[in-house]
Structure formats: C-alpha cells, structure tokens
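Engineer: Sharing a structure with you now.
The values are calculated or read from the model by the stated rules, or taken from the named source; none is laboratory data. What you see is a predicted model; the values in this text were computed from it and never measured. Glycine also receives a Cβ, built like all others from the backbone with ideal geometry; neighbour counts cover every protein chain displayed. All accessible areas refer to the heavy atoms of the entire protein, side chains included, with ligands and DNA or RNA removed. Shrake-Rupley method; radii C 1.70, N 1.55, O 1.52, S 1.80 Å.
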Amino acid sequence: METKAIISIKNLSKSFGDNEVLKDVNLTVNKGEDLVILGRSGSGKSVTIKCLVGLVEADKGEILVFDTDVTKLKDNELNEIRSRIGFMFQNGALYDSMSVRQNLAFTLKHHTKEVSDEEIEKQIIEALESVGLEDAIDKMPAELSGGMRKRIALARTLIIQPEIILYDEPTSGLDSITSREISELILSVQKKYKTSSIIITHDMACAKLTGNRIMILNEGVIHAEGTYSELEKSTDEWVRSFFI
Amino acid sequence: MHTYLKNIFEDTGKVTLFTGRFFKEIIKPPFQINEFIRQCYAIGYKSLPLVSITGFIMGLVLTIQSRPTMIQFGAESWLPSMVSLSLVREIAPVITALICAGKIASGIGAELGSMKVTEQIDAMEVSAINPYKYLVVTRILATTLMIPILVLYADLIGVFGGYIGFNVRGSMSMFAYFSEVIEHLDFIDFIPAVIKTFFFGFFIGLIGCYKGFNASSGTASVGIAANEAVVAASLSIFILDMLAVQITDLFF
Ligand SMILES: Nc1ncnc2c1ncn2[C@@H]1O[C@H](COP(=O)(O)OP(=O)(O)OP(=O)(O)O)[C@@H](O)[C@H]1O
Ligand SMILES: [Mg+2]
C-alpha cells in the first residue's frame, strides 16, 4: 500500500476554558487507510475530528489535510477542502425541516454545481439503496427511528463522494445486525472509492472489521496505537479493558 | 454589577459584529432566493390570522372606548378620523410588531437554537454551505420586508374594526366611514410609520437569529434562546418607537 499521509496532525492542543481536552495529539492517516480511534466518553475524540474540518479552532499545532494546513486557511480555501471531506455527525445532524430527499439533495446541490435534477434523483436513490432505506425517501427526520437517522446521515455523507470520511460513532445505538451491515458498508466504500477514513467508535466488532490501524485516546493523550491484533495482545491493563 | 456591565458591553459588541456580517454577506452572491421566499411565506403569510384578529380588535375597542369622551366634547363625528390616525401612526405598528416579536422572533430563536444544539449548523458548515447566509440573511430580509406589509394590512383591518365599532351605537355606511377616514389621513402620516416598521422588522429578525445562532449546547438553551429573543425584540421595539417619535417630531 502506498504510504502517503493524507491527514497529519502534529502537536494538536485544545482547551475549552480550564478544560484541557487535547494535549499534544499526533496522528496520521495514510491514503486509502481506515484509522479507528477508541477512547472513553469525553476523551476528546469528537473534538479531534472537528478540529480537522475547522469546526473547532485549534489552540496550538498543525493540521495537514491534503498537504494544506487547515488552521491557516481563509474561508473559501477551507470550504474547498471541506467539500472533499465527508463528516458524519455523532447524532446524525439531519436537517429537521427537510425530508430525507431534501436533506440529500440540499447537500448534493451545494456540493456540485450545475447537476441536473434527474442526476440528483438518481444519486439520492443510489445513496439510499446503499444504506438500505430507499423507502424512507419522503419521510421527515422526526419520523425516523434513531438507527434510521444514523443510516440516512451516512447516506448524506457518502453522496458527495468524499476522498476523506470522518465517521463519529457510525454504529452506536444500532442493533448488532445493522451495526455489522454499516461496518461492512464502511469497508466496501473504502475498497470501492479508495477513501481514507477516521472512524470513532466504541464498537469493537466495527473496529476489528474496518480499522487498518487503531489508536486509543485517553484524556487528550494518545495512549496506544497499533493494529487490532497487536493491541489485543497488549499487556497494558488499560488497553486490554477495551477488548473484553 | 461588574459582570453585569461587562456582559452588556460584550453582548453589544457581538451583536454589532453579527449585524456587520449581515451587511457583508447580503451583497455577496450566491443569493438564497428560494429560502428567502420560503421564509417570507412562513413569516408573512402564516402570521396573517394573528394580525387580522389583533388588528380588528384594536380598531373595534379603540372606537368603543373613545366614543364617550368624544361625545362629551361634542366631537362624535371626529371619531373615525381620530381612531384611524392613532391606528396608523402608532397603535398598529407597535402592537403588530409586538405580536410578531412574540411569534416570529421566538420562532426563529427556537428554530436556529435547536439547529445549533443538534449540530445542524455545523453540518451545513462542513458541507461548505454558509449557514449565516442561508439561515440568517434570508430570515432577517424576510422579516424586514414582511413586518411593514403586515402592519399596513393591520391598518386596514383596524380601520374596518373601527367601522364595526362605530356602528355598534351609531350608524354610518361603510363608504361614508372610509371616505371620512381617507379624507383625514395624509400621506405624511404614513411615511414615518412605514419607515419605522422596517426597523422593527429588521430588529425582530436580527435578534431572533442572534439568540438562536449563539445558543450554547444542551436542549435547555433552546428555550432560553427563544425566551431571550422575545424579551429583547419587544424591548427594542419600544426603544425604536421612542427614537422614531423624537425623529419624526424634528422633521414633520
Ligand atoms: N463546544 C464545546 N465547548 C466546551 N467544551 C466542549 C465543547 N465540545 C467539547 N467539549 C468538551 O470536550 C471534552 C471532549 O468532548 P468530545 O465530544 O470530544 O468527547 P468524545 O470523546 O467524543 O466523547 P463521546 O464518546 O461521549 O462522544 C468534553 O469534556 C466536553 O465537555
Ligand atoms: Mg463524541
């Protein structure tokens, strides 16, 4: 596999007031690689990927995405980078006032200029089929179950065909069968489109299946790093606790 | 006291920046025409029933209440023109704006607040959609345009309410009543009243958006944003009205 870093974070620190969330985090994601980040609730996983897309401003450090430092960009340059990144929010963040179809169309229309209505419709159906929810196309987000919202959010992330995808707990709150389907979908997207991803998860089955490499974050510091089988054999008490 | 003052200054600064951003974004394409029209519909059309009822009652009650006094002065025939003048100049603009502050500013505050809290605004941002432009600019424009229209409509309904109120005790044909009203209403009565309603509308939209857009995380803050939006918008209407009266007094 080509080992060119597509995301590279160096000495990233971030505090909210007195709360030091990230302390000198370093991580890289190579092209075509899926990196899994594990960590207890509140350890700063979501904040890390929000820094990556400039939703949260870093206090210190360098964040290289496609070899550009996103902390130093102007708005329009940042938008350029953002349009090549898919971000799946922890709680879906579907637009409440729009139907499922409008949610996808809105995202797609603002992403690719001058695309015909038929083309949009076709891509919407395709994206919904890939998450197995083509029946929900005319539903409003409020009418969907938690797991369905999650899958629609995934479809909305995939529809712009991003080069990098950041998944924030894609399988939390799903039954084990659906979780597995989603994990397999993530894997197949990686294979098919050669995307690079960061996957935040608590679901070890998902981590095992999708992660080429795993990183464990503990109170804003990277505690351990390695492949699933390496970490599984770790003698570190704390690392082992994830694998029980 | 110290932190209280600090908060006021901080808030003023933030609102000023927020307003500045509005004027910066409004001239930059692309324009979100569809969303603007949708907001005009939601803000203007959906407020019609409320404005109709309050407008009608204002005219009706004002006429019935003023009648005894006017009769004492032997000026019953002035009743239509007096009522319509106070409606057009003061009562319809302020009451309609207050009603809209309650309905629209709180609605915008709650809607944007919940979008903020559930990360929908963040989701727009990472999709390279400018949420300020899409959500804020369209709403402020819509309120600035719709409130004056609603107020003019309330004027009309109010005068009609006055006509019904007049005919509770007296009798006058609709035509006679309206010609009486129009005869005593000058164009000059309208202008300051209309101008100030644009400002009312602007501030209703601005405050609703500001409070919603800056909601902190957690569902409780949605309620707080809506509530603060109503209070601040209502207060600003009174302050603006006071300023408007002073300025009108200077020029007209
Ligand atoms: N916008 C914010 N303002 C203030 N504090 C924040 C903000 N966002 C996150 N935090 C704080 O940062 C810390 C890490 O939050 P983060 O959302 O990254 O956790 P997480 O690792 O994703 O946890 P979970 O698994 O529960 O999602 C928490 O202590 C949280 O309180
Ligand atoms: Mg999180």
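Engineer: Answer yes or no: is there a residue in region A:176-194 that is within 16 Å of ligand 2 (Cβ to nearest atom), touching a residue at least 60 places away in the same chain (Cβ under 8 Å), on the phi < 0 side of the Ramachandran plot and away from chain B (no Cβ under 14 Å).
Structural biologist: Within region A:176-194, not a single residue is within 16 Å of ligand 2 (Cβ to nearest atom), touching a residue at least 60 places away in the same chain (Cβ under 8 Å), on the phi < 0 side of the Ramachandran plot and away from chain B (no Cβ under 14 Å).
Engineer: Report every pair of residues separated by at least 6 positions or lying on different chains whose Cβ atoms are under 7 Å apart, first residue within region A:29-42 and of a type in the set (Gly, Ala, Ser), second open to solvent by less than 20 Å² (accessible area, probe 1.4 Å).
Structural biologist: These pairs meet every condition: A:Gly32/A:Ser196; A:Gly39/A:Lys45; A:Gly39/A:Ile216; A:Gly39/A:Leu217.
Engineer: Return yes or no: is B:Leu112 touching a Phe, Trp or Tyr at 6+ places or on another chain (Cβ under 6 Å), assigned to a helix (DSSP H, G or I) and within 17 Å of B:Ile43 (Cα to Cα)?
Structural biologist: So B:Leu112 fits the description; yes.
Engineer: Tell me which strands (runs of 3 or more DSSP E) are completely within region A:144-244 and hold 1 or more residues being at pLDDT 90 or above, or say none if there are none.
Structural biologist: Answer list for region A:144-244: A:164-168, A:196-200, A:213-218.
Engineer: Also, I was wondering about something else. Please verify whether region A:133-153 includes one or more residues that are touching a strand residue (DSSP E or B) at 6+ places or on another chain (Cβ under 7 Å) and farther than 20 Å from B:Gln120 by Cα.
Structural biologist: Among the residues of region A:133-153, not one is touching a strand residue (DSSP E or B) at 6+ places or on another chain (Cβ under 7 Å) and farther than 20 Å from B:Gln120 by Cα, which makes the answer no.
Engineer: Tell me which residues, restricted to region A:94-113, are at the interface with chain B (Cβ under 9 Å from one of its Cβ atoms) and either over 13 Å from A:Met140 (Cα atoms) or within 16 Å of ligand 1 (Cβ to nearest atom) (or both).
Structural biologist: Result: A:Phe106, A:Thr107, A:His110, A:His111.
Engineer: Restricting attention to region B:109-120, which residues are open to solvent by 10 Å² or more (accessible area, probe 1.4 Å) and either touching a residue at least 60 places away in the same chain (Cβ under 8 Å) or away from chain A (no Cβ under 14 Å) (or both)?
Structural biologist: Hits for region B:109-120 are B:Ala110, B:Glu111, B:Ser114, B:Met115, B:Lys116, B:Val117.
Engineer: Could you tell me which residue of region A:56-70 is farthest from ligand 2 (Cβ to nearest atom), considering only residues that are buried (at least 19 other Cβ atoms within 10 Å of the Cβ) and free of Cβ contacts under 8 Å to residues at least 60 places away in the same chain?
Structural biologist: Only one residue tops the list, namely A:Val70.
Engineer: Right, something else. Please determine whether any residue of region A:5-22 is open to solvent by 20 Å² or more (accessible area, probe 1.4 Å), in contact with a Leu (Cβ under 9 Å, 6 or more places away or on another chain), away from ligand 2 (no atom under 16 Å from the Cβ) and at pLDDT below 90.
Structural biologist: yes
Engineer: Taking only region A:130-147 into account, find how many residues are in contact with a helix residue (DSSP H, G or I) (Cβ under 9 Å, 6 or more places away or on another chain) and open to solvent by 50 Å² or more (accessible area, probe 1.4 Å).
Structural biologist: So the answer is 7.
Engineer: Something else: Looking only at residues that are more than 14 Å from chain B (Cβ to nearest Cβ) and in contact with an Asp or Glu (Cβ under 7 Å, 6 or more places away or on another chain) in region A:37-70, which one is nearest to ligand 1 (Cβ to nearest atom)?
Structural biologist: Here the answer is A:Ser43.
Engineer: Based on this model, can you work out whether A:Thr28 counts as more than 14 Å from chain B (Cβ to nearest Cβ), part of a helix (DSSP H, G or I), open to solvent by 50 Å² or more (accessible area, probe 1.4 Å) and away from ligand 1 (no atom under 16 Å from the Cβ)?
Structural biologist: For A:Thr28, the condition - more than 14 Å from chain B (Cβ to nearest Cβ), part of a helix (DSSP H, G or I), open to solvent by 50 Å² or more (accessible area, probe 1.4 Å) and away from ligand 1 (no atom under 16 Å from the Cβ) - is not met.
Engineer: Let me ask something else about it. Would it be correct to say that A:Asn79 is in contact (Cβ under 8 Å) with a residue 40 or more places away in the chain, within 14 Å of another protein chain (Cβ to nearest Cβ), among the polar types (S, T, N, Q) and within 22 Å of B:Ala128 (Cα to Cα)?
Structural biologist: no
Engineer: Taking only pairs six or more apart or across chains, which ones have beta-carbon atoms under 6 Å, a first residue in region B:47-63 that is on the phi < 0 side of the Ramachandran plot, and a second residue that is of a type in the set (S, T, N, Q) and open to solvent by less than 30 Å² (accessible area, probe 1.4 Å)?
Structural biologist: That search, which allows pairs on different chains as well, returns B:Val51/B:Thr96.
Engineer: Give the residue, chosen from B:Ile37, B:Ile57, B:Ile53, B:Ile95, that is surrounded by 18 or more Cβ atoms within 10 Å (Cβ to Cβ) and at pLDDT 90 or above.
Structural biologist: Among B:Ile37, B:Ile57, B:Ile53, B:Ile95, only B:Ile95 is surrounded by 18 or more Cβ atoms within 10 Å (Cβ to Cβ) and at pLDDT 90 or above.
Engineer: From the list A:Asn91, A:Asn76, which residue is at pLDDT below 90, within 13 Å of ligand 1 (Cβ to nearest atom) and over 20 Å from A:Val25 (Cβ atoms)?
Structural biologist: A:Asn91
Engineer: Here's another thing I want to ask about it. Mind checking which residues of region B:121-143 are open to solvent by 20 Å² or more (accessible area, probe 1.4 Å), assigned to a helix (DSSP H, G or I) and touching a Leu at 6+ places or on another chain (Cβ under 9 Å)?
Structural biologist: Once the filter is applied, which keeps residues that are open to solvent by 20 Å² or more (accessible area, probe 1.4 Å), assigned to a helix (DSSP H, G or I) and touching a Leu at 6+ places or on another chain (Cβ under 9 Å), region B:121-143 yields B:Asp122, B:Glu125.
Engineer: Need the failing condition index for A:Ser241 against (1) within 16 Å of ligand 2 (Cβ to nearest atom); (2) open to solvent by 40 Å² or more (accessible area, probe 1.4 Å), just the number.
Structural biologist: A:Ser241 satisfies every listed condition except (1).
Engineer: Separate question: Right, A:Tyr193: within 12 Å of the chain's Cα centre (by Cα) and among the hydroxyl-bearing types (Ser, Thr, Tyr) or not?
Structural biologist: The answer is no for A:Tyr193.
Engineer: OK, next. Based on this model, can you work out whether A:Asn91 counts as closer than 26 Å to A:Ile214 by Cβ, within 10 Å of chain B (Cβ to nearest Cβ) and open to solvent by 80 Å² or more (accessible area, probe 1.4 Å)?
Structural biologist: Spelling it out, A:Asn91 is indeed closer than 26 Å to A:Ile214 by Cβ, within 10 Å of chain B (Cβ to nearest Cβ) and open to solvent by 80 Å² or more (accessible area, probe 1.4 Å).
Engineer: Can you tell me which condition A:Glu169 does not meet? The list is (1) surrounded by 22 or more Cβ atoms within 10 Å (Cβ to Cβ); (2) within 16 Å of ligand 1 (Cβ to nearest atom); (3) among the charged types (D, E, K, R), and all the others hold.
Structural biologist: (1)
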